[in-house]
Amino acid sequence: RPIRDKAETGGICREQNIVEFFNLGEMPLPNSFLKKEQFKIKEPVYPLAIGYCAGCGLVQLMYIVKPELMFKNYVYVPSASGARLENFKQIIHEMTSLSRPSRSSLAIDIGSNDGSMLMEFKKEGIKVLGIDPAENLAKLAEMKGVPNICDYIKPTLARKIGIKNGSAD
């Protein structure tokens, strides 16, 4: 089954009652652009609804599409947007002026995409590591000189990263 069953517990507090408040019905996957020859084939659709957890206030998706379907070959890259790159520069400037990182500091970006944000950390002389499950984006990041792990973040991976690289700043 390509989706997780309807959310029954909150993602943070495990509250048993998630209240749906917005439903867009069945939707195709984002970034799953069809080729002309695919137009006659029925495109898969998935429920897109949002709920609220009264226990912790978390707003969450009511159904979760399997990550492998969503992120294996992801299309959006922030480096295609000059405004997005400028936003990254501003964020990194603010972060580094507040925290004053050292040359031994490490920045980790979970969902690093093509490594665009990490490139700004690199320009500041900070070690970087990206984590993203999209194989095509991992290759783009590597081509830019941004080391990355092509995987989903999970506790076992986080422990391995900590042992190998130390803690992120």
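The values are calculated or read from the model by the stated rules, or taken from the named source; none is laboratory data. Not measured: the values here are computed from a predicted model. Reconstructed Cβ throughout: ideal geometry from the backbone, glycine too, with neighbour counts over all protein chains shown. Keep in mind that these areas ignore ligands, DNA and RNA; they rest on the heavy atoms of the full protein, side chains included. Shrake-Rupley method; radii C 1.70, N 1.55, O 1.52, S 1.80 Å.
The count of lysine pairs in the range 1-127 with alpha-carbon distances below 20 Å, taking only pairs 8 or more places apart or on different chains, stands at 6. Taking the DSSP bridge list for the chain and keeping only pairs wholly inside it, about 60 percent are antiparallel. Taking 4.7 Å between C-beta atoms as the pairing limit, the chain has these partnerless cysteines: CYS53, CYS150. Amide hydrogen proximity for TYR46: with H placed 1.01 Å from N in the peptide plane, the residues at 5 or more positions away or on another chain lying under 5 Å are MET27. Of the whole protein surface, ARG84 contributes about 90 Å² of accessible area at a 1.4 Å probe radius.
As a length-normalised measure over Cα pairs under 8 Å and 6 or more apart, the relative contact order of the range 16-86 settles at 31 percent.
Calculate how steeply helix 155-165 sits against the longest principal axis of the alpha-carbon atoms of the chain, using the helix alpha-carbon long axis, and give the answer as 0 to 90 degrees to the nearest 10. Once rounded, one gets 10 degrees. In the chain, the longest principal axis of the Cα atoms and the axis of helix 82-99 are about 60 degrees apart. Quickly estimate the mean residue ellipticity at 222 nm for the chain, helices only: each DSSP H run with n ≥ 4 gives -39500 (n - 2.57), and the total goes over all residues, rounded to 500. Result for the chain, helices only: -9000 deg cm²/dmol.
With only Lys, Arg, Asp and Glu charged, each at its Cβ (+1 for the first two, -1 for the last two), find how big the charge dipole of the chain is about the Cα centre; round to the nearest 20 debye.
Details: 23 positive and 19 negative charges, 94 e Å.
In debye, rounded to 20, the chain gives about 460.
Could you check which residue among LYS42, LYS154, LYS144 shows the biggest mean-square fluctuation in a GNM of the chain with a 10 Å Cα cutoff? So, out of LYS42, LYS154, LYS144, the one fluctuating most is LYS42. For the chain, the convex hull spanned by the alpha carbon atoms encloses 162 Å³ per residue. Peptide packing: for 111-118, 16-23, the average count of neighbouring Cβ atoms within 10 Å per residue gives the ranking 111-118, 16-23, highest mean first.
Can you pull out the chymotrypsin sites (Phe, Trp or Tyr not before Pro) in the range 70-129 that DSSP calls coil and that have at most 15 other Cβ atoms within 10 Å? Could the numbers behind the result be given before it?
Numbers: sites: PHE71, TYR74, TYR76, PHE88, PHE121; in loops: TYR74, TYR76.
Passing sites in the range 70-129 are TYR76.
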